[in-house]
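Asker: Structure below; questions to follow.
The numbers here are math on the coordinates, done by the rules we state, and not lab data. Predicted model only: the values in this text are computed from it and were never measured. Heads up, the Cβs are rebuilt from the backbone with ideal geometry, glycines too, and the neighbour counts pull from every protein chain shown.
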Amino acid sequence: MRILLYRNDGIVEPWARDFEAALPEAETVPWREGQPVERCDYAVIWAPTPALLEQLAQVKAIFLMGAGVDALLKFGDALPEVPIVRLGDAGMAEQMVEYVVHAVLRYFRRFDEYERQARDGIWEALTPHVKSEFTVGVLGLGKLGVPVLRALRQLGFPVRGWSRTPKDLPGVECYAGMETLDAFLSGTRVLVSLLPLTPETNNLLDRAHLSRLPAGAYLINVARGAQVAEPDLLALIRAGHIAGVTLDVFRNEPLPAPHPFWNEPRITITPHVSALTLREDAVRQIVHKIGLLERGETVADVVDRTRGY
Ligand code: NDP
Ligand code: OXD
């Protein structure tokens, strides 16, 4: 069995080592721009170029080294008609829980304000927020959104979630569909996005929707930057409607040096690290799925191109 490997950062050797250790019958074939594509059974890739995609029509499946599929589906009709399989959790849910819980607690316990006070040498206790009024709303009830909600519920926060299709999750107020979004947002004090980037979610968090959040709300975006209309968000922060924002993802990454987000004290920035691909977990999951496909069985996390995720 031959497995083509490609990453846009060029770091494929550790992946090759891990695949060959986990699947001794496999030969890995690293691909670099400009090289011909040798015949392979599977491709394991991240952020491919059009030149690579054009030549993947012969593989049995394309596996992604990440959870989000937008960087691949943007190629539309140029994508080969083979199954595309993304990572499902593979160690990312635990990291996402840590990141989001940290950000929510920071706002709930007003650490963001204490950080600013300390920089100005101010010793002053602030009135604590009331937990029963600090509802956390998570957009996206998938592999990552559900564990995040569970962890926040365990901490005693009122929690609500929004998805495309209806859900029933214990202890979570569930909303589904565009027609429920305004109601969902109006009762959400901390909004967390864990939605995939699709034509429907692109710019979803614009002035109209963000204004539905109650005054003094917070936003945590750990999904994709293009879901946020950046000028609208800045205007709402400056108007005092949004009290604090934590962004791990941006429309253009790396966030360009002159971008106004860098100088906005109410925005906390991290460089797309909320849930990293853990190579060992990823290889274990992909090897398991290759085994299923080889036996003619179905695998989870196959991308639905019509849905866009
Ligand atoms: P899933 O596919 O498991 O879940 C997606 C959820 O979003 C589903 O509940 C789905 O609804 C919902 N959804 C999709 N479109 C809509 C819509 N138009 N309206 C309402 N709900 C919608 O994805 P994951 O949980 O695995 O990952 C979510 C995203 O997180 C990824 O797509 C990726 O962009 C991002 N990510 C970011 C990382 C980072 O480091 N910052 C790391 C990993 C992922 P339904 O259940 O009804 O289908
Ligand atoms: C992913 C990501 O989608 O790293 O896996 O954002």
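Asker: Name every residue in the range 60-109 that is within 12 Å of ligand 2 (Cβ to nearest atom), in contact with a helix residue (DSSP H, G or I) (Cβ under 9 Å, 6 or more places away or on another chain) and of a type in the set (A, V, I, L, M, F, W, C), in order of residue number.
Answerer: Leu64, Met65, Ala67, Leu72, Leu87, Ala90, Met92, Ala93, Met96
Asker: Here is a follow-up. Quick check on my filter: what residues within the range 140-160 are in contact with a Lys or Arg (Cβ under 7 Å, 6 or more places away or on another chain) and either within 16 Å of ligand 2 (Cβ to nearest atom) or among the small types (Gly, Ala, Ser) (or both)? Step through it out loud before you land on a result.
Answerer: From the range 140-160, those in contact with a Lys or Arg (Cβ under 7 Å, 6 or more places away or on another chain) are 141, 156-157, 159; that's our starting set.
If the condition is that a residue be in contact with a Lys or Arg (Cβ under 7 Å, 6 or more places away or on another chain) and either within 16 Å of ligand 2 (Cβ to nearest atom) or among the small types (Gly, Ala, Ser) (or both), then Gly156 is the only one that fits.
Asker: Within the bounds of the range 19-33, is there any residue that is more than 16 Å from ligand 1 (Cβ to nearest atom), in contact with a strand residue (DSSP E or B) (Cβ under 6 Å, 6 or more places away or on another chain), part of a loop (DSSP other than H, G, I, E, B) and more than 30 Å from Arg150 (Cβ to Cβ)?
Answerer: Yes: one or more hits.
Asker: Return only the number of the condition from (1) farther than 22 Å from Leu219 by Cβ; (2) assigned to a loop (DSSP other than H, G, I, E, B); (3) within 16 Å of ligand 2 (Cβ to nearest atom); (4) among the aliphatic types (A, V, I, L, M) that Leu56 does not satisfy.
Answerer: Just one mismatch for Leu56, condition (3).
Asker: Now for a separate question. Return yes or no: is Ala71 under 30 Å from Glu200 (Cα atoms), among the small types (Gly, Ala, Ser) and either within 16 Å of ligand 1 (Cβ to nearest atom) or in a loop (DSSP other than H, G, I, E, B) (or both)? Talk me through it step by step, then tell me what you get.
Answerer: Values: under 30 Å from Glu200 (Cα atoms): yes; among the small types (Gly, Ala, Ser): yes; either within 16 Å of ligand 1 (Cβ to nearest atom) or in a loop (DSSP other than H, G, I, E, B) (or both): yes.
Here the answer is yes, as Ala71 does meet what is asked.
Asker: Pull up the range 93-110, narrow it to residues that are closer than 22 Å to Ala67 by Cα and in contact with a strand residue (DSSP E or B) (Cβ under 7 Å, 6 or more places away or on another chain), then point me to the one that is surrounded by the fewest Cβ atoms within 10 Å (Cβ to Cβ). Let's see the steps before the verdict.
Answerer: Residues of the range 93-110 closer than 22 Å to Ala67 by Cα: 93-103.
From what's left, in contact with a strand residue (DSSP E or B) (Cβ under 7 Å, 6 or more places away or on another chain): 100, 103.
On the way: Val100: 28, Ala103: 24.
My answer is Ala103.
Asker: Across the range 107-142, which residue is nearest to Ala93 (Cα to Cα) among those that are of a type in the set (Ser, Thr, Tyr) and not in a helix (DSSP H, G or I)? It would help to see each step written out before you state the result.
Answerer: Of the range 107-142, the ones of a type in the set (Ser, Thr, Tyr) are 107, 114, 127, 132, 135.
Within this subset, residues satisfying the condition of being not in a helix (DSSP H, G or I) are 127, 135.
Values: Thr127: 33, Thr135: 21 Å.
Applying the filter and picking the extreme gives Thr135.
Asker: Right, here's the next one. Out of the residues in the range 161-198 that are under 21 Å from Arg106 (Cβ atoms) and hydroxyl-bearing (Ser, Thr, Tyr), state the one that is farthest from ligand 2 (Cβ to nearest atom).
Answerer: Thr188
Asker: Can you tell which of Leu195, Leu139, Leu181 is touching a His at 6+ places or on another chain (Cβ under 9 Å) and more than 16 Å from Ile242 (Cα to Cα)?
Answerer: Values: Leu195 fails: touching a His at 6+ places or on another chain (Cβ under 9 Å); Leu139 fails: touching a His at 6+ places or on another chain (Cβ under 9 Å).
Criteria check complete, one pass: Leu181.
Asker: Ok, one more. For the range 1-60: of the residues being in contact (Cβ under 8 Å) with a residue 24 or more places away in the chain and of a type in the set (Gly, Ala, Ser), which is surrounded by the most Cβ atoms within 10 Å (Cβ to Cβ)?
Answerer: Ala43
Asker: Among the residues that make up the range 2-23, is at least one of them farther than 28 Å from Asp304 by Cβ, over 21 Å from the mean Cα position of the chain (by Cα) and of a type in the set (Val, Ile, Thr)?
Answerer: yes
Asker: Can you confirm whether Glu113 is more than 25 Å from Arg224 (Cβ to Cβ) and surrounded by 13 or more Cβ atoms within 10 Å (Cβ to Cβ)? I'd like the intermediate steps shown before the answer.
Answerer: Values: more than 25 Å from Arg224 (Cβ to Cβ): yes; surrounded by 13 or more Cβ atoms within 10 Å (Cβ to Cβ): yes.
Answer is yes for this residue.
Asker: Looking only at the range 228-250, decide whether some residue is of a type in the set (Asp, Glu), near ligand 1 (Cβ under 10 Å from one of its atoms) and under 30 Å from Thr188 (Cα atoms).
Answerer: Yes, the range 228-250 contains a residue that is of a type in the set (Asp, Glu), near ligand 1 (Cβ under 10 Å from one of its atoms) and under 30 Å from Thr188 (Cα atoms).
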